[in-house]
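Input: a single structure, listed below in structure tokens.
Please treat every number below as a calculation from the coordinates, not as lab data. It should be emphasised that the depicted structure is a prediction, and the values quoted were computed from it without experimental measurement. Cβ sites come from the backbone with ideal geometry, for glycine too, and all protein chains shown count toward neighbours.
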Amino acid sequence: MFSMILSGLICGALLGFVMQRGRFCLTGGFRDMYIVKNNRMFYALLIAISVQSVGVFALIQAGLLTYEAGAFPWLGTVIGGYIFGLGIVLAGGCATGTWYRAGEGLIGSWIALFTYMVMSAVMRS
């Protein structure tokens, strides 16, 4: 139990450090791609998706993870994506950006983070 908590804290601290130093924000990455013509963050997103895809595939092939695809809810995905996009604009960035900005002490990010937590609890029940 202790090793699980310790490894979670270490991974969280490392991830937070990398996100803060790299200013990792998906919303900012897409914004910069169109406004400033800077694709750096978009390339970082593609690398992250590639690493995750290879990792999940390796876990499935090793038998450590089972994946059963069900029906894809098209309407829910479109409506949810629209609501999510509105929320990102209102929050001033994505969840990853909100986490490191809250760690930097930005009050608006604390409010967005609190709202993420409340809405996550509401949607679970």
Item to check | Calculated log₁₀ intensity ratio I(q)/I(0) where the Debye formula runs over C-alpha points of the chain, q = 0.10, 0.15, 0.17, 0.22 Å⁻¹ | outcome: -0.44, -1.03, -1.27, -1.37
Checklist entry - Each label point is 7 Å from the Cα along the Cα-to-Cβ direction; what then is the distance between the points at residue 58 and residue 44, in nm? => result 2.3
Item to check | Simple label model, 7 Å out from Cα along Cβ direction - residue 1 to residue 83, nm | outcome: 3.7
Item to check | Per-residue HN-Hα couplings for segment 82-89 [Karplus 6.51, -1.76, 1.60; θ = phi - 60°; Hz; x = Gly/Pro] | outcome: 5, 5, 4, x, 4, x, 5, 5
